[in-house]
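Input: a single structure, listed below in structure tokens.
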Amino acid sequence: MLRRAYRDWPLFGVLIDNAAMSLAKTDRSIAERYLALGGRADLTEQVLGEYDLTREWVLQVTGHDRLLADRTVLSRAVSLRDPYVDALSYLQLRALAALREEEPADREQLERLLLLTVNGVAAGLQNTG
């Protein structure tokens, strides 16, 4: 029924395609590191479980074996950007961890790095989320 809705209902199709694009842009291991900063293993497990379930259902609904299988140009663009976005994400994680220390000596530099990486990741993902 969901595959038929995906095929026949334009709004539902766009919703699923947008979900697939967001999932394809997400690096699960990096997401896990961000979540670990919160110190809530239960929440990390829940969020990653929902990610996995959503990915599985999107693939079932689209009938594809991988995300963006039918959008080769977008898939290639995401693959080309990933190494750069990942590097910025790791820098951002380091800045966030350092800023959580009691009194980091280089707070201003860390805050600037954090803001630059937020802008860089958003630009690399072509997304603000």
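The values are calculated or read from the model by the stated rules, or taken from the named source; none is laboratory data. What you are looking at is a predicted structure, and each value in this text was computed from that prediction instead of being measured. A quick note on method: Cβ atoms are made from the backbone with ideal geometry, for glycine too, and the neighbour counts reach across all protein chains shown. Side chains included, ligands, DNA and RNA excluded: accessible areas come from the protein's heavy atoms. Shrake-Rupley method; radii C 1.70, N 1.55, O 1.52, S 1.80 Å.
Assorted remarks:
- Pairwise FRET efficiency - Asn119 versus Thr26, Cβ, R0 = 22 Å, nearest 0.05: 0.75
- Solvent-accessible area of the chain (1.4 angstrom probe, protein heavy atoms only): carbon and sulfur portion equals 56 percent.
- Charge sum, other residues only, whose C-beta stays under 14 Å from Val118's C-beta, Lys/Arg counted +1 and Asp/Glu -1: +1
- Once all protein chains are placed together, Glu32 keeps about 80 Å² accessible to a 1.4 angstrom probe.
- When shorter helices are ignored and each DSSP H run of at least 4 residues is given -39500 (n - 2.57), the per-residue value for the chain at 222 nm works out to -26000 deg cm²/dmol.
- Farthest toward positive dipole pole in the chain [+1 Lys/Arg, -1 Asp/Glu at C-beta], among Leu48, Trp9, Ser75: Trp9
- Prolate/oblate/rounded label for region 37-88 (Cα gyration tensor, a/c 1.5): oblate
- By accessible area with a 1.4 Å probe, ligands and nucleic acids excluded, highest first: order of Tyr34, Tyr51: Tyr34, Tyr51
- Residue-normalised accessible area of the chain, given per residue in Å² at a 1.4 Å probe: 69
- Spatial separation of Cα centroids for region 93-129 and region 7-38, in angstrom: 23
- Among the listed values [x] 7.8; [y] 12.9; [z] 9.0, the one computed from these coordinates for mean projected area of the Cα convex hull in nm² is [z].
- In the assembled protein chains, Arg71 presents an accessible area of approximately 90 Å² (probe radius 1.4 Å).
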